[in-house]
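Participant: The structure that follows is given in the form of structure tokens.
The values are calculated or read from the model by the stated rules, or taken from the named source; none is laboratory data. This one's a predicted model, so the numbers in the text were calculated from it and none came from an experiment. Because the Cβ atoms are built from the backbone with ideal geometry, glycine has one as well, and the counts that use them run over all protein chains shown.
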């Protein structure tokens with residue numbers, strides 16, 4: 001089958017690839033571009049382990065064909081923090097034990113990342129509704145919710161400190 | 001899971017998309033949000049040789065409101081429906097129903113056009129469009145035509161849409177009165193075990209207008225005309241409500257599946273209809 005050229009920006013870097021049109025975005029990211037942060041869980045748009053940010057929205061990258069992502073801005077878990085400098089959400093998942101086996105974590109982190117921009121000051125119920133497209137079979141969600149609530153506080157505090165410094 | 005191979009097209013206007021559909025016939029399908037289509041392609045339940053992405057066609061995106069008339073482009077996503085404050089002001093039932101579809105990620109890509117045109121009886125928007133007496137605009141080789149939502153569905157995944165036609169927009173008049181969309185599901189992301197929508201108006205203690213529709217309780221969405229006939233012009237009391245619920249359940253025709261046997265679904269139907277009626281009346 002003829003290949004198709006796809007250009008997208010991943011974590012700020014322009015990436016060009018040549019793929020069969022049927023290539024799923026999650027496979028393009030993992031196998032063609034080596035961004036293995038997005039996981040393949042159910043591959044049927046239920047579990048959310050493959051959640052990434054596409055053009056400022058959370059999407060399940062197992063349910064997007066690579067050519068549909070032509071020209072898009074992609075953000076994966078590799079793009080929000082690094083082992084030396086964790087993102088506030090990653091730090092709080094670590095602090096509050098928001099994971100056990102870790103398989104759902106990149107999807108949870110990426111969904112939380114976007115959710116906290118949509119709603120920086122959520123209630124616990126809003127957090128649960130916000131991550132309702134992400135499944136975790138280990139934690140029972142308690143510590144994930146705690147981590148996201150704590151991350152919301154931390155991000156707000158950091159923003160306040162920045163504001164004061166500028167003032 | 002990998003679908004079988006296809007060629008990919010991304011036309012930038014509706015005429016080009018229609019002409020591709022006409023060229024390829026039933027070997028071609030359009031893709032909107034893809035959240036119904038891609039899963040069945042992965043399971044290889046469908047053999048699509050040519051996939052036509054509608055996301056490059058700006059003329060079929062967005063929400064237009066003029067006076068009381070609402071027109072929604074087929075490629076408008078669920079999240080755009082939810083976040084549109086103007087739409088919420090004049091047709092709040094759209095937000096209420098949209099928030100009950102799937103999950104946040106799916107609503108970010110899922111479109112109203114895909115939801116209504118797919119013909120899946122489990123989708124929520126077709127039922128909602130019965131309720132609103134919406135009109136679908138289809139564009140094909142022979143031009144553009146309007147079809148009433150109440151005449152669009154023929155069976156599960158069968159609609160009056162021709163192979164070379166593409167649904168481009170949905171329009172309806174802003175509803176007035178109390179409203180509710182009630183959905184019983186096993187978990188977030190699941191389709192309805194049973195769902196019901198109600199819009200009604202009460203004037204001088206009497207029901208002056210009403211609309212009732214059901215989702216996933218037959219092989220097509222159900223508009224409950226018999227129940228509407230019962231309630232219109234009547235004073236709303238428990239006796240009338242019982243008759244209305246019975247008439248709705250009578251018009252349903254659910255099938256047994258993993259969500260339960262027929263008796264259970266009819267029982268749940270009765271409950272969601274009652275809840276929707278009660279909440280709609282509270283909101284009048």
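Participant: For segment B:23-35, what are the residues that are within 26 Å of the chain's Cα centre (by Cα) and either modelled with pLDDT under 95 or more than 10 Å from chain A (Cβ to nearest Cβ) (or both)?
Facilitator: If we filter segment B:23-35 for residues that are within 26 Å of the chain's Cα centre (by Cα), which is where we start, we get B:25-35.
Of everything in segment B:23-35, those that are within 26 Å of the chain's Cα centre (by Cα) and either modelled with pLDDT under 95 or more than 10 Å from chain A (Cβ to nearest Cβ) (or both) turn out to be B:25, B:26, B:27, B:28, B:29, B:30, B:32.
Participant: Out of all the residues in segment B:159-176, which are free of Cβ contacts under 8 Å to residues at least 60 places away in the same chain and under 14 Å from residue B:29 (Cα atoms)?
Facilitator: The initial filter retains those residues of segment B:159-176 that are free of Cβ contacts under 8 Å to residues at least 60 places away in the same chain, namely B:159-162, B:176.
B:161, B:162, listed by residue number.
Participant: Let me ask something additional. Can you pull out the residues in segment A:43-54 that are in a loop (DSSP other than H, G, I, E, B), facing another protein chain (nearest Cβ under 9 Å) and crowded, with 21+ Cβ neighbours inside 10 Å?
Facilitator: We begin by selecting, within segment A:43-54, every residue in a loop (DSSP other than H, G, I, E, B); these are A:43-50.
Still in the running and facing another protein chain (nearest Cβ under 9 Å): A:43-46, A:48.
Within segment A:43-54, A:45, A:46, A:48 meet the criteria.
Participant: For the structure I just gave you, tell me whether residue A:58 is on the phi > 0 side of the Ramachandran plot and either part of a loop (DSSP other than H, G, I, E, B) or within 9 Å of chain B (Cβ to nearest Cβ) (or both). So that I can check it myself, show each step before the final result.
Facilitator: Working: on the phi > 0 side of the Ramachandran plot: no; either part of a loop (DSSP other than H, G, I, E, B) or within 9 Å of chain B (Cβ to nearest Cβ) (or both): yes.
No: the conditions fail for residue A:58.
Participant: Can you tell me which of B:65, B:57 is buried (at least 19 other Cβ atoms within 10 Å of the Cβ) and touching a helix residue (DSSP H, G or I) at 6+ places or on another chain (Cβ under 6 Å)? If you could, list the steps in order and put the result at the bottom.
Facilitator: Working: B:65 fails: buried (at least 19 other Cβ atoms within 10 Å of the Cβ).
None of the others qualify; the one that does is B:57.
Participant: Now for a separate question. Let me spell it out: the conditions are (1) surrounded by 21 or more Cβ atoms within 10 Å (Cβ to Cβ); (2) under 15 Å from the mean Cα position of the chain (by Cα); (3) more than 23 Å from residue A:137 (Cβ to Cβ), and residue A:57 meets all of them except one. Which number is the exception?
Facilitator: Of the numbered conditions (1) surrounded by 21 or more Cβ atoms within 10 Å (Cβ to Cβ); (2) under 15 Å from the mean Cα position of the chain (by Cα); (3) more than 23 Å from residue A:137 (Cβ to Cβ), the odd one out for residue A:57 is (1).
Participant: Sort through B:127, B:114 and tell me the only one that's in a helix (DSSP H, G or I), under 14 Å from the mean Cα position of the chain (by Cα) and more than 14 Å from every other protein chain (Cβ to nearest Cβ). Spell out the reasoning first.
Facilitator: Numbers: B:114 fails: more than 14 Å from every other protein chain (Cβ to nearest Cβ).
None of the others qualify; the one that does is B:127.
Participant: If I ask for residues that are part of a helix (DSSP H, G or I) and under 14 Å from residue A:152 (Cα atoms), which ones from segment A:80-107 would you list? Spell out how you get there, then give the answer.
Facilitator: Step one: of segment A:80-107, the residues part of a helix (DSSP H, G or I) are A:88-95, A:105-107.
Listed by number, the residues that qualify are A:88, A:89, A:90, A:91, A:92, A:93, A:95.
Participant: Quick check on segment A:20-42: of everything there that is within 9 Å of chain B (Cβ to nearest Cβ) and touching a strand residue (DSSP E or B) at 6+ places or on another chain (Cβ under 8 Å), which residue is surrounded by the fewest Cβ atoms within 10 Å (Cβ to Cβ)? Reasoning before the result, please.
Facilitator: Let us first name the residues in segment A:20-42 that are within 9 Å of chain B (Cβ to nearest Cβ), namely A:20-24, A:27.
Subset that is touching a strand residue (DSSP E or B) at 6+ places or on another chain (Cβ under 8 Å): A:20-24.
On the way: A:20: 18, A:21: 22, A:22: 23, A:23: 21, A:24: 27.
Out of the qualifying residues, it is A:20.
Participant: Any idea which of B:232, B:277 is modelled with pLDDT of 95 or more and over 29 Å from residue B:119 (Cβ atoms)? Walk me through how you get there before you give the answer.
Facilitator: Values: B:277 fails: over 29 Å from residue B:119 (Cβ atoms).
B:232 is the lone residue from the list that is modelled with pLDDT of 95 or more and over 29 Å from residue B:119 (Cβ atoms).
Participant: Which residues, taken from segment B:48-63, are away from chain A (no Cβ under 11 Å) and part of a strand (DSSP E or B)?
Facilitator: We begin by selecting, within segment B:48-63, every residue away from chain A (no Cβ under 11 Å); these are B:52, B:57-63.
If the condition is that a residue be away from chain A (no Cβ under 11 Å) and part of a strand (DSSP E or B), then B:52, B:63 are the ones that fit.
Participant: Mind listing whichever residues of segment B:115-146 are farther than 25 Å from residue B:96 by Cβ and either surrounded by fewer than 23 Cβ atoms within 10 Å (Cβ to Cβ) or in contact (Cβ under 8 Å) with a residue 60 or more places away in the chain (or both)? Step through it out loud before you land on a result.
Facilitator: Within segment B:115-146, the subset farther than 25 Å from residue B:96 by Cβ is B:138-146.
Result: B:139, B:140, B:141, B:142, B:143, B:144, B:145, B:146.
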